[in-house]
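Every number in this text was worked out from the coordinates using simple rules, so none of it is lab data. Given the structure is predicted, the values throughout are model-derived calculations rather than measurements. Neighbour counts are summed over all protein chains in view; Cβ atoms, including those assigned to glycine, are modelled from backbone coordinates with ideal geometry.
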Amino acid sequence: MPAGVPLLLVDGHNLLWRAAFGFPAAILSRDKTRDLTAEFGFFALLRVAIREEMPEPPEVLVVFDGEHGAADRKDSDADYKANRVLDEAALKPLRAIPHVQRALTDYGIAWIEIDTAEADDVIATLVTATRNRTPERHVRIMSGDRDFYQLVDDRVHALNTVMKRGRRHIGPAEVVDRYGVTPDQWPDFCALKGDTADNIPGVKGIGEGTAAKLLAGGLRLDQLAASGRLTGAKKTKVTDAWEQVLAWRDLIRMRTGLDLPHHPTGHPTRELPKPADVIEKLGLW
């Protein structure tokens with residue numbers, strides 16, 4: 001497998017959500033009956049990211065959440081992602097998925113959707129497999145989801161194109177500089193402070209700063225009790241919530257052993273056409 005071709009893993013739902021709600025005006029069909037903002041925006045944002053953020057033409061692989069992907073985590077904790085309301089607004093990007101997937105197939109761009117898996121776990125499995133097969137290969141994970149910070153290393157970076165230029169590629173140094181913890185500590189860190197995106201409350205009264213201080217120097221949750229850092233009110237709060245904190249960490253940790261329908265080929269994906277041409281080929285204008 002050619003190690004020189006970078007791999008761009010795209011969090012499909014995350015990009016679709018941004019596409020659906022990130023444009024100043026809706027993009028409509030010619031007869032004004034269909035809102036095509038999500039479909040148009042998806043390919044516009046992906047095309048720009050490939051052109052402006054990748055050092056050379058990458059292999060692109062788009063990953064979508066499975067319909068029942070969060071079921072096992074919800075079985076463990078009924079509150080997991082319970083804050084995500086499936087209202088009319090939330091359905092807008094979801095309705096675009098079949099069109100986007102058809103276009104990806106038409107243009108030879110690989111995509112994966114496993115009914116019982118979240119995109120996070122599929123991407124984590126792909127990253128782990130790539131590390132094992134071609135450890136020198138550079139990987140970018142295109143998403144605004146900070147949970148991917150637990151995967152980053154010298155060759156695997158998160159890519160958040162919402163951020164300002166110069167800050168869009170997040171590696172280990174950026175995680176440490178911003179949060180005071182290492183990527184390996186990310187699940188421990190979020191279990192303590194909480195993660196509002198996934199409806200994980202964290203320990204009451206423990207914010208980012210306190211969580212980072214408790215874990216300073218690479219400490220893990222399992223070492224916290226013997227560290228002497230839990231004193232006074234902090235000790236009471238963390239001790240009272242201890243079993244729940246460990247359960248939250250398990251929810252936040254990404255799974256890396258999934259059976260995948262296919263793997264990266266190591267060859268660059270052909271250049272994406274203009275988004276208007278994609279919509280035209282889909283027959284949606």
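In the chain, helices alone account for a calculated mean residue ellipticity at 222 nm of -12500 deg cm²/dmol, with every DSSP H run of four or more residues adding -39,500 (n - 2.57). Of all the options L104, L258, L91, the one that moves most in a Gaussian network model of the chain with Cα springs shorter than 10 angstrom is L91. Using a 7 Å offset from Cα along Cα-Cβ at R47, what residues in the stretch 247-285 end up with backbone N under 13 Å from the label point? Taking a point 7 Å out along Cα→Cβ of R47, the residues of the stretch 247-285 whose backbone N falls under 13 Å are 271-282. Looking at the square roots a ≥ b ≥ c of the eigenvalues of the Cα gyration tensor of the stretch 65-109, which shape do they give, rounded for a/c under 1.5, prolate if a/b is larger than b/c, or oblate? Oblate. Approximating the spin labels as points 7 Å out from Cα along Cα→Cβ, the L284-to-T236 distance works out to 5.5 nm.
For the peptides 148-154, 37-43, 261-267, 69-75, the ranking by mean Cβ contacts within 10 Å, running from highest to lowest, is 37-43, 148-154, 69-75, 261-267. Charged side chains reduced to their Cβ positions (Lys and Arg at +1, Asp and Glu at -1) give the stretch 183-252 a dipole of some 380 debye around its Cα centre.
Averaging sequence separations of C-alpha pairs under 8 Å and six or more residues apart, then dividing by the length of the stretch 54-151, give the relative contact order as a whole percent.
42 percent
Starting from the Cα gyration tensor of the stretch 90-240, take the square roots of the eigenvalues, sort them a ≥ b ≥ c, and report rounded, prolate or oblate (rounded when a/c is under 1.5, otherwise prolate if a/b is larger than b/c, else oblate). In terms of gyration-tensor shape, prolate.
For the chain, the alpha carbon positions stretch 65, 44, 36 Å along the principal axes, listed from largest to smallest. Between H263 and A129, the contour length at 0.36 nm per residue exceeds the alpha carbon distance by 47.4 nm. Applying both filters, DSSP loop and at most 11 other Cβ atoms within 10 Å, to the GluC sites (Glu not before Pro) of the stretch 201-276 gives E271. Placing a label point 7 Å from the Cα of E56 along the Cα-to-Cβ direction, the residues of the stretch 6-26 whose backbone N falls under 12 Å of that point are 6-7. Extending 7 Å from Cα along the Cβ direction at K164 and again at A225 yields two label points whose distance is 4.5 nm. Measuring nothing but how far apart in sequence close Cα pairs (under 8 Å, 6+ apart) lie, relative to its length, the chain scores a relative contact order of 26 percent. For the listed peptides 120-133, 223-236, 156-169, a ranking on the average number of other beta carbons within 10 Å per residue, highest first, reads 120-133, 156-169, 223-236.
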